[in-house]
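Chemist: Next up is a structure, given as structure tokens.
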Amino acid sequence: MVKQKGIAFDLCNLRIGLSSGQVEASLSELFQRVCALRGIEQNKVRIWDYFNKRKHTQLSASNRSLEESNLQMDQDILLEEADGHHSSRFGLDSTGNELALVSMEPSRSSFTIAGGPTLSNGHSSGFKSNQYPGSSLSSGLKDTDDGFDAYNTVRKGEKRGLAGLQNLGNTCFMNSALQCLVHTPPLVEYFLKDYSDEINTENPLGMHGELALAFGELLRKLWSSGQTAIAPRVFKGKLARFAPQFSGYNQHDSQELLAFLLDGLHEDLNRVKQKPYIELKDADSRPDEVVAAESWKNHKARNDSVIVDVCQGQYKSTLVCPVCNKISITYDPFMYLSLPLPSTITRTMTVTVFYGDGSGLPMPYTVSVLKNGFCKDLLLALRTACCLKTDENLLLAEVYENKIYRYLEMPLEPLASIKDDEHIVAFRIQKKGMEKTKLVIFHRWQEKSTTDYLKSGKELFGTPLITYLGEDQPSGADIETAVSKVLSPFKRMHSSAKAHIGKGSDFLSDGLDELCSSSDAQSIENAEFEGALSTDLSLRLLLTDDRVMNFKAFKKDTLFEPGKILSVVMDWTDKEQGLYDASYLKDIPEVHKAGFAAKKTRQEAISLSSCLDAFLVEEPLGPDDMWYCPRCKEHRQAVKKLDLWMLPEIIVFHLKRFTYGRYLKNKIDTFVNFPIHNLDLSKYVKNKDGQSYVYELYAISNHYGGLGGGHYTAYAKLIEENRWYHFDDGHVSPVNESDIKTSAAYLLFYKRVNESKMEIGESSYSHSTS
């Protein structure tokens, strides 16, 4: 049994001797160097990954590299001697990517991570008290990765901010996002100054300050190295440590990385050390300005960092319950806006329109709508096509297996949910009657050999009809009258009935002559029907459910509860077939007939403003994102509406080019026309505080290629030069401003212009009210 005896150490300049930049050094070399310095045989020691002063994984001498073993250049390792005498802790110093043996001697470095005055231990004043136990924060002061001092001044004549980032293996996504961030003017100004006092090593939601240190150090190197490409190995190591989803060398999404970095930097630099508990209040009809200011004050009480000051805005979120119309309003912060790309591609859809009052025959209408539109767009096109009256509404429904499969009552139901081979119908209904009792009429073919009319199994056919009963308390007689009225347009003309039937009705076995001459037989049949059902109706009607599984007889004087949905099934015999033309019920067309290829329309260019409009349009929540209505006490698919309330100094637009469906993944290569100068967002901001919301573009993250691969690059503007550059991993070249607008644009970075600079840490609310 090994007896451990802990020894406290600080990092110093005593190094093991791996050559500069050798993150590919193997674990065997690590064992050799450590054991040689301690004078111990390898078979008498154990070495542990001792990240953040905790034993993680026991290391074994092998050919695996340090990076493959997830060892970072800024952490500790633990040496345990098998003789039980003691254990020693070592550090992996990022200076020159070499391994450093720890000892009690303090560092004499004259540099700090933030450029402030140093103490004898190498830390800037005010920072030591916040040091996270076990973290080698000071080692980041001299991380050069490439064998030169990152904090030396740039040689005369060299430009700052033009260093590329080497691709470490599918890390172009990281390089693209980083170049956009390190060319964000407020962040450059912040990280080139002394920010050590704001590093929060105690935040359980953060990374003990290490992500902020790694990012700040990388930014300083990129702004100090002229045009020499930097290998961001240390930063990638930190990233892999705290965000395992970005470990390894697979391709990832630059937007997902950006989201993680902004959130991680915020938590590492959060000035709030102890987050207070705040009970949220409902809006309760209070003025928007009051509720929004209260929400922002509560947010700042728990979240206060340079990221909040510079990158966070606020939007108003309104939820409406579709059942009880309960309205919920909240004001939430955001760090970027993910904008959908509205499609200009159209599709043709055929819908059969029925008259709910029986005033006309059904008619199919083919309309053109946006492919990515909503049911409200289809309804609008149908209203125009069928000349809908002002006092009428359309009720959309899908018919499947001769039943109403679903009602398309949600205006914001995506049209993508309607397939080409489905059958969609619409019923013209008087607006004033839609508050009454709805009546659904199913059709069933009554076989001649069947005498038990209550027996199920008879075959349904045709399209169900829908109408509304005008009476406050409908009766059986009202139902029969309504059914007769709805069927009246289908009545055959007596002179042409024989010819029509003889042409091939699927339901008739006898001709009209036989039908008309067999009145006596029909009377007997009617008597049997009425006797079996104890009914006095002239039509063969039975009450049923929406699945047409259960049946019940009713009489003319039977009363029904008002306001509910009533369903009846009508049994058709030769008599009904002779009176009504059922072909109008049977032969409704599909939404889009397969085999007739429509002319494909090409996606047109869209504007950034149209993307914003699409982002701010109201839409229903998805089935997996239901909202709990406090009034209904149930989860509802509420309608959500977003409005911008307050915009930050830096605003990032994420163009949602990648779409993920249940069975299909796709990338949208549509060209988005975005302004480079004078992007005025004032009309989108609901808070009329008098501030200017005019922005100028300064960086773009581009994605070329398709899903699962492709390549990321970045365009960034050097503000002091007023010139754009193309950052393609380690290659940096100037580019004309006219060439930066492409269909590869994925992330757009804008900075507010024409506004006086605010002190870091001061919120826009306190600024406007002070």
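Every read-out reported here was derived from the displayed coordinates using simple, explicitly stated rules and does not represent laboratory data. Predicted model, so just to flag it, every value in this text is computed and none were measured. Glycine gets a Cβ as well: all are built from the backbone with ideal geometry, and neighbour counts include every protein chain shown.
Chemist: Could I have the simple spin-label model distance between Lys491 and Asp284, label points 7 Å from Cα toward Cβ, reported in nm to one decimal?
Modeler: So the label points at Lys491 and Asp284 sit 6.4 nm apart.
Chemist: Same structure again: Going by average Cβ neighbours within 10 Å, how do the peptides 538-544, 584-590 rank, with the highest at the top?
Modeler: Per-residue Cβ counts within 10 Å, averaged per peptide and sorted highest first, yield 538-544, 584-590.
Chemist: Say each of Asn678 and Ser359 gets a label point 7 Å from the Cα, pointing the same way as Cα to Cβ; how far apart are those two points in nm?
Modeler: Computed distance between label sites Asn678 and Ser359 equals 5.3 nm.
Chemist: Okay, next question. Report, please, the projected area of segment 259-350 averaged over directions, based on the convex hull of its C-alpha atoms, in nm².
Modeler: In nm², the orientation-averaged hull projection of segment 259-350 is 10.2.
Chemist: Okay, next question. Relative to the present Cα-Cα distance, how much length would full extension add between Glu41 and Lys688 at 0.36 nm per residue of separation?
Modeler: 225.6 nm
Chemist: Count the net charge of all other residues whose Cβ sits under 11 Å from the Cβ of Asp420, scoring Lys and Arg as +1 and Asp and Glu as -1.
Modeler: Residues close to Asp420 contribute a combined charge of 0.
Chemist: Pairs Lys376/Lys633; Lys419/Lys575; Lys159/Lys751; Lys485/Lys575; Lys431/Lys586; Lys236/Lys297: which are spaced more than 25 Å apart, C-alpha to C-alpha?
Modeler: Over 25 Å Cα-Cα: Lys376/Lys633; Lys419/Lys575; Lys431/Lys586; Lys236/Lys297.
Chemist: Just grab the label-to-label distance for Glu256 and Ala301, each label 7 Å out from Cα along the Cβ direction, in nm (one decimal).
Modeler: Inter-label distance under the simple model: 3.6 nm.
Chemist: Mind checking the full-extension length gain between Asp613 and Ser338? Use 0.36 nm per residue of separation minus the Cα-Cα distance, one decimal, nm.
Modeler: My answer for the length gained is 97.8 nm.
Chemist: Determine the gain in length on full extension of the stretch Asp669-Ser417; use 0.36 nm per residue of separation and subtract their C-alpha separation, reporting nm with one decimal.
Modeler: Using 0.36 nm per residue and subtracting the Cα-Cα distance, I get 88.4 nm.
Chemist: Pop the C-beta distance of His635 and Asn63 into the FRET formula with R0 = 51 Å and round what comes out to the nearest 0.05.
Modeler: Working from the Cβ atoms, E equals 0.40.
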